[in-house]
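Peer 1: Below is a structure I'd like to ask you about.
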Number of protein chains: 2
Amino acid sequence: MKLKELGEFGLIDLFRKKFPAPPEAGKRIVLGLGDDCAVLKSYPKNLLLFTTDSLMERVHFDLSYFTWEDVGIKAMSANVSDIAAMGGLPLASVVSLGLPKKMEVDDTLNLYSGMDKMAKKFGFLIVGGDIFLSDKVVISVALLGEVEPKFLLKRSGAKIGDLICVTGDLGESRAGLELLQSHKKDKSAFGSTFNKDIFNKHLRPVPRLFESRELVRKLKINSMIDISDGLLGDLYHILEESCVGARLFEDKIPISKKVLKLSPFLKQKPLDYALYSGEEYELLFTVDRKDLMSLKTLNTKVSVIGEITDKALRMEMVNRYNKVRVLEKRGYVHF
Amino acid sequence: MKLKELGEFGLIDLFRKKFPAPPEAGKRIVLGLGDDCAVLKSYPKNLLLFTTDSLMERVHFDLSYFTWEDVGIKAMSANVSDIAAMGGLPLASVVSLGLPKKMEVDDTLNLYSGMDKMAKKFGFLIVGGDIFLSDKVVISVALLGEVEPKFLLKRSGAKIGDLICVTGDLGESRAGLELLQSHKKDKSAFGSTFNKDIFNKHLRPVPRLFESRELVRKLKINSMIDISDGLLGDLYHILEESCVGARLFEDKIPISKKVLKLSPFLKQKPLDYALYSGEEYELLFTVDRKDLMSLKTLNTKVSVIGEITDKALRMEMVNRYNKVRVLEKRGYVHF
């Protein structure tokens, strides 16, 4: 069935029926879908976190290799990652959906399912929304979260001497995108070195929310950001807000093994993917040097990749022969 | 200058520079634009309100008669109206903007200016956002508000015997749109009866936020909604959520005098505009009968237009000769 036949209110009813709120999820929700606003209980001691992020067909995703569920997952992930980057937890989300008349109702259900799955996985619900007519699919998610004041992390707190750390491995999101764009989903092209997980980092990234909570509980973190514009682009945001510089060690950058294996099929050097790949949704943070030992006891994979310097806005890279070069930020630019 | 030349981050910087936060507005804002999330102080005793609403070029607005500032005003108004409909006050907003590469930077400033003006008029700020590339302009606003638990108003509280009331006058939004569509901005067509205010209700509606606060403070309101789908469409939402019926009195419906004057230029009867005009952003509410005298002492213009009955989901209209007819809801349908 096409959306045109079901209508806006029919679609809203269908979403409510197919994706009900589990009883335990409603503790903080006084009123969910179905009124002019959702109503939530505020939590006295916490600070509120508020963010928004959008995905548009052909700009942010291409349906020749994204499933509708991937799109839903990715739309929600970007927002959860923003909350993780502040040290907080998500509380509730509202979703604006621009949908074409001719879209299949099943496709809208798969899209919503992706968002709903991510929300439930990370302990919150979609509590409101808006549906409107659009030639191309556009999804704007706004996410409300909260954080204990002592755990709040900004971009602006980096201190000279801090260790620069990053979770996980880097480079898969852009490398995966490049392979998807050049080979679509023809996996045979990559032979035995192929691992479909390399696509997942781009198609359905997992925000590092639980990891963020481990970090804020166990370490003395001074600044944090999620990698959405690329390691160097986002590091530069920390440097700008904190008025400091950074020295990175080339052999400490955690280049994804999948990217290294697939490098014969890629256009650039593996290191470049690790430095410039956007939409990684890994966490980049700086900690007091005293935390060096604590870093080794974490469940989360963390690499120490450099240190904060007093040379404001300067990013240097030290290679294995101890040669220093200055780096450019080169983040993703939309226009 | 085109957006393409300025770039995404350039535009964000320009917004921050051109529309600074007045110092007194920042009381509740710990961190505004410039990090992964905005950070707000939560207010211990209040409930949070959370809503979203979008405008898309050609679907919701036509640039042959909307200025960019009108568009910004309207995008924000719809959301403020939702908060007003719950009895609350807005706290902070995040904005997702899909903008074409070739858009003039000045136009984006006018668009943002409309949103910023409305926010400041109603005591809050834009604290975050997302900008992305789009063929057509699309604006998704998410608004966070709060309400004292004793003032929270839902659609579901209407009681049998309640008086049905509405603020202001009705019909101008759709009548104005019709005149704009047929005559564009050629005011001469309407002769001396013309009043440009009839366009404003459609182009730059004013949400009834201050009025809502007077109502919740002075009356015992049982249910409330804002008129976005038309008087009858929205009354029907109250009836559905409250499992009651309604009887309206035809000669009590506050048809706008401007609509009456311009009726020779309109396609339908003035009453039809009052009953079915969407995007009026007036408040429709039901109060205990004991409040009849209090209604007369308000600063806000309120009309008592009917009463709640026990006939679930039935809407009746009584005309001046005491004849009763059953009404259809006919709200605005997007698909």
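The values are calculated or read from the model by the stated rules, or taken from the named source; none is laboratory data. What you see is a predicted model, and the numbers here were worked out from it, not measured in a lab. With ideal geometry, Cβ positions are generated from the backbone for all residues, glycine too; neighbour counts draw on all protein chains shown.
Peer 1: Regarding region B:111-133, can at least one residue be identified that is assigned to a loop (DSSP other than H, G, I, E, B) and more than 23 Å from the chain's Cα centre (by Cα)?
Peer 2: Of region B:111-133, the ones assigned to a loop (DSSP other than H, G, I, E, B) are B:122-124.
Next, only the ones that are more than 23 Å from the chain's Cα centre (by Cα) stay: none.
The answer is no, given that none of the residues of region B:111-133 is assigned to a loop (DSSP other than H, G, I, E, B) and more than 23 Å from the chain's Cα centre (by Cα).
Peer 1: Continuing with the same structure: Kindly indicate the residue of region A:3-30 that is within 15 Å of A:Ala92 (Cβ to Cβ) and without any contact (Cβ under 8 Å) to a residue 60 or more places away in the chain and also farthest from the other protein chains (Cβ to nearest Cβ) among those meeting that condition. Spell out the reasoning first.
Peer 2: First, the residues of region A:3-30 that are within 15 Å of A:Ala92 (Cβ to Cβ): A:19, A:21-22, A:24-30.
Cutting the leftovers down to without any contact (Cβ under 8 Å) to a residue 60 or more places away in the chain gives us A:24, A:27, A:30.
Numbers: A:Glu24: 20, A:Lys27: 14, A:Val30: 6 Å.
This residue is A:Glu24.
Peer 1: Give all pairs with beta carbons closer than 8 Å in which a residue from region A:94-119 that is over 10 Å from A:Ile139 (Cβ atoms) and within 14 Å of chain B (Cβ to nearest Cβ) meets a residue that is of a type in the set (S, T, N, Q) and not in a strand (DSSP E or B); count only pairs at least 6 apart in sequence or on separate chains.
Peer 2: What qualifies is A:Pro100/A:Ser134.
Peer 1: Do we have any residue at all in region B:2-15 that's surrounded by fewer than 18 Cβ atoms within 10 Å (Cβ to Cβ), within 20 Å of the chain's Cα centre (by Cα) and on the phi > 0 side of the Ramachandran plot?
Peer 2: Scanning region B:2-15 turns up no residue that is surrounded by fewer than 18 Cβ atoms within 10 Å (Cβ to Cβ), within 20 Å of the chain's Cα centre (by Cα) and on the phi > 0 side of the Ramachandran plot.
Peer 1: So which of A:Glu146, A:Glu104 ends up being touching a Leu at 6+ places or on another chain (Cβ under 7 Å) and of a type in the set (D, E, K, R)?
Peer 2: Working: A:Glu104 fails: touching a Leu at 6+ places or on another chain (Cβ under 7 Å).
Exactly one of A:Glu146, A:Glu104 is touching a Leu at 6+ places or on another chain (Cβ under 7 Å) and of a type in the set (D, E, K, R), namely A:Glu146.
This table checks each residue for (1) within 14 Å of chain A (Cβ to nearest Cβ); (2) on the phi > 0 side of the Ramachandran plot; (3) out of contact with any strand residue (DSSP E or B) (no Cβ under 9 Å at 6 or more places or on another chain).
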| site | (1), (2), (3) |
| --- | --- |
| B:Lys252 | no, no, no |
| B:Pro264 | no, no, yes |
| B:Ser277 | no, no, no |
| B:Tyr281 | yes, yes, no |
| B:Val287 | no, no, no |
| B:Val302 | no, no, no |
| B:Val326 | no, no, no |
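Peer 1: Here's another thing I want to ask about it. Residues in region A:192-234 that are in contact with a Pro (Cβ under 9 Å, 6 or more places away or on another chain), in a helix (DSSP H, G or I) and crowded, with 19+ Cβ neighbours inside 10 Å: how many?
Peer 2: 1
Every residue, every condition in (1) modelled with pLDDT of 95 or more; (2) of a type in the set (D, E, K, R); (3) more than 13 Å from the chain's Cα centre (by Cα), yes or no:
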| position | (1), (2), (3) |
| --- | --- |
| A:Phe194 | no, no, yes |
| A:Arg217 | yes, yes, yes |
| A:Leu232 | yes, no, yes |
| A:Ser242 | yes, no, yes |
| A:Gln268 | no, no, yes |
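Peer 1: When region A:27-49 is examined, which residues are found to be at pLDDT 95 or above and either touching a Gly at 6+ places or on another chain (Cβ under 6 Å) or not assigned by TED's automatic domain parsing to the domain that holds A:Glu104 (or both)?
Peer 2: Residue satisfying the conditions is A:Leu49 alone.
Peer 1: Also, I was wondering about something else. Can you tell me which of A:Asp35, A:Asp53, A:Asp82 is part of a loop (DSSP other than H, G, I, E, B), at negative phi and crowded, with 22+ Cβ neighbours inside 10 Å?
Peer 2: Working: A:Asp53 fails: part of a loop (DSSP other than H, G, I, E, B); A:Asp82 fails: part of a loop (DSSP other than H, G, I, E, B).
Residue meeting the stated conditions: A:Asp35.
Peer 1: Still on this structure: Give A:Arg314, A:Arg325, A:Arg289 a once-over and let me know the one that is without any contact (Cβ under 8 Å) to a residue 60 or more places away in the chain and more than 18 Å from A:Leu170 (Cβ to Cβ). It would help to see each step written out before you state the result.
Peer 2: Details: A:Arg314 fails: without any contact (Cβ under 8 Å) to a residue 60 or more places away in the chain; A:Arg289 fails: without any contact (Cβ under 8 Å) to a residue 60 or more places away in the chain.
Every option except A:Arg325 fails the conditions.
Peer 1: Within region A:131-177, can you find the residues that are surrounded by fewer than 18 Cβ atoms within 10 Å (Cβ to Cβ) and more than 14 Å from chain B (Cβ to nearest Cβ)?
Peer 2: If the condition is that a residue be surrounded by fewer than 18 Cβ atoms within 10 Å (Cβ to Cβ) and more than 14 Å from chain B (Cβ to nearest Cβ), then A:Lys159, A:Ile160, A:Gly161 are the ones that fit.
Peer 1: Against the condition surrounded by fewer than 24 Cβ atoms within 10 Å (Cβ to Cβ), in the same structural domain as B:Leu55 (by TED's automatic domain parsing) and among the acidic types (Asp, Glu), how does B:Asp107 come out, does it pass? Write out each step before concluding.
Peer 2: Working: surrounded by fewer than 24 Cβ atoms within 10 Å (Cβ to Cβ): yes; in the same structural domain as B:Leu55 (by TED's automatic domain parsing): yes; among the acidic types (Asp, Glu): yes.
Judged against the criteria, B:Asp107 is a match.
Peer 1: Can you tell me which residue is nearest to B:Pro44 (Cα to Cα) among those in region A:35-57 that are more than 7 Å from chain B (Cβ to nearest Cβ) and touching a strand residue (DSSP E or B) at 6+ places or on another chain (Cβ under 9 Å)? Don't jump to the end; show me each part of the working.
Peer 2: Keep residues of region A:35-57 that are more than 7 Å from chain B (Cβ to nearest Cβ), which gives A:45, A:55, A:57.
Next, only the ones that are touching a strand residue (DSSP E or B) at 6+ places or on another chain (Cβ under 9 Å) stay: A:55, A:57.
Working: A:Leu55: 34, A:Glu57: 40 Å.
Among residues in region A:35-57 that are more than 7 Å from chain B (Cβ to nearest Cβ) and touching a strand residue (DSSP E or B) at 6+ places or on another chain (Cβ under 9 Å), the one nearest to B:Pro44 (Cα to Cα) is A:Leu55.
Peer 1: Out of A:Ser256, A:Ser223, A:Ser263, which single residue is touching a helix residue (DSSP H, G or I) at 6+ places or on another chain (Cβ under 8 Å) and within 23 Å of A:Arg204 (Cβ to Cβ)?
Peer 2: Values: A:Ser223 fails: within 23 Å of A:Arg204 (Cβ to Cβ); A:Ser263 fails: within 23 Å of A:Arg204 (Cβ to Cβ).
The unique qualifying residue is A:Ser256.
Peer 1: Look at A:Ala189 and say whether it is modelled with pLDDT under 95 and surrounded by fewer than 17 Cβ atoms within 10 Å (Cβ to Cβ).
Peer 2: yes
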